[in-house]
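The values are calculated or read from the model by the stated rules, or taken from the named source; none is laboratory data. Note that the structure is a prediction, hence the values are computed from the model and not measured. Note: ideal-geometry Cβ built from the backbone for every residue, glycine included; neighbour counts use all protein chains shown.
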């Protein structure tokens with residue numbers, strides 16, 4: 001995996017916004033939190049499919065000589 | 001790594017487009033917003049106890065999934081030799097997408113836990129990145145156990161430093177010098193710890209075996 005993922009800061013923010021939105025919509029803290037988790041999971045998987053996979057493919061040839069981990 | 005920094009900029013603007021530039025509050029339900037008496041005359045917010053419980057639950061769950069299930073075994077195998085796992089007929093790309101998604105969800109969980117205390121706002125995630133990096137370096141890169149231990153260690157060092165260093169310095173120097181030095185040193189403390197760990201054990205406190 002050998003990827004330093006700074007985007008976790010963004011997922012942290014997105015999770016907070018989703019939670020605030022879903023808790024306001026559903027009126028339940030626990031239900032809103034679970035919806036927010038599921039939504040952030042989907043966002044993360046979409047980011048991997050759209051961006052990370054291509055980034056890794058594009059940079060592996062340059063960075064694989066670096067010590068792994 | 002630079003690409004993921006680009007994602008931060010992208011998400012900051014996306015959030016600004018969807019939710020607007022103002023922050024959002026996440027109100028706590030009544031059953032989480034009180035305080036209870038944990039020691040005689042010592043009150044502690046229920047929500048903070050819930051945070052501790054949730055964090056420990058996540059740690060336990062993560063340990064069980066990674067160490068005790070088939071999916072966890074595949075994740076560990078993929079981390080040490082991606083091509084071999086792929087050659088054995090596992091859809092390693094799909095697995096990676098899923099693992100990345102779970103990582104995102106865990107980060108999102110941290111964000112939603114913090115949202116009632118701070119507010120959900122643009123750029124809130126950047127503040128945690130540097131602390132997260134310190135934790136990872138001290139624990140050993142790639143080590144889940146190391147991250148767990150280092151997170152407790154760094155959290156304790158930071159809080160105890162902020163709470164007690166000013167008092168400690170007042171004992172040995174003038175109050176003026178102490179009140180100038182203590183806040184500076186206590187906010188530096190975790191980076192000093194990281195520097196010391198890097199000098200003594202560059203691979204971190206709990207390095208991963210890579211044979």
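Being crowded, with 18+ Cβ neighbours inside 10 Å, part of a helix (DSSP H, G or I), more than 7 Å from chain B (Cβ to nearest Cβ) and at pLDDT 90 or above is a property that does not hold for residue A:41. For region B:123-142, the set of residues classified as within 7 Å of another protein chain (Cβ to nearest Cβ) and either more than 13 Å from the chain's Cα centre (by Cα) or more than 21 Å from residue B:204 (Cβ to Cβ) (or both) consists of B:124, B:125, B:126, B:141, B:142, listed by residue number. Give the residues of region B:109-121 that are touching a residue at least 24 places away in the same chain (Cβ under 8 Å) and at the interface with chain A (Cβ under 7 Å from one of its Cβ atoms), sorted by residue number. Answer for region B:109-121, where residues must be touching a residue at least 24 places away in the same chain (Cβ under 8 Å) and at the interface with chain A (Cβ under 7 Å from one of its Cβ atoms): B:109, B:112, B:115, B:120. Criterion first (surrounded by 16 or more Cβ atoms within 10 Å (Cβ to Cβ), out of contact with any strand residue (DSSP E or B) (no Cβ under 8 Å at 6 or more places or on another chain) and either more than 20 Å from residue A:11 (Cβ to Cβ) or within 7 Å of another protein chain (Cβ to nearest Cβ) (or both)) does residue B:69 satisfy it? Considered against the rule, which asks whether it is surrounded by 16 or more Cβ atoms within 10 Å (Cβ to Cβ), out of contact with any strand residue (DSSP E or B) (no Cβ under 8 Å at 6 or more places or on another chain) and either more than 20 Å from residue A:11 (Cβ to Cβ) or within 7 Å of another protein chain (Cβ to nearest Cβ) (or both), residue B:69 comes out as no. Between B:95, B:106, the distinction of being within 17 Å of the chain's Cα centre (by Cα), in contact (Cβ under 8 Å) with a residue 12 or more places away in the chain, more than 8 Å from chain A (Cβ to nearest Cβ) and closer than 23 Å to residue A:46 by Cβ belongs to B:106 only. Among the residues in region A:22-34, are any under 20 Å from residue B:16 (Cα atoms), touching a helix residue (DSSP H, G or I) at 6+ places or on another chain (Cβ under 9 Å), within 7 Å of chain B (Cβ to nearest Cβ) and at pLDDT 85 or above? Yes - at least one qualifying residue is present in region A:22-34. Restricting to region B:1-30, name every residue that is facing chain A (nearest Cβ under 9 Å) and farther than 25 Å from residue A:8 by Cβ. Scanning region B:1-30 gives B:27, B:29. From the list B:78, B:101, the lone residue that is in contact with a helix residue (DSSP H, G or I) (Cβ under 8 Å, 6 or more places away or on another chain), more than 20 Å from residue A:19 (Cα to Cα) and at the interface with chain A (Cβ under 8 Å from one of its Cβ atoms) is B:78.
Residues satisfying the criterion are present in region B:1-16 (criterion: without any contact (Cβ under 8 Å) to a residue 60 or more places away in the chain and assigned to a loop (DSSP other than H, G, I, E, B)).
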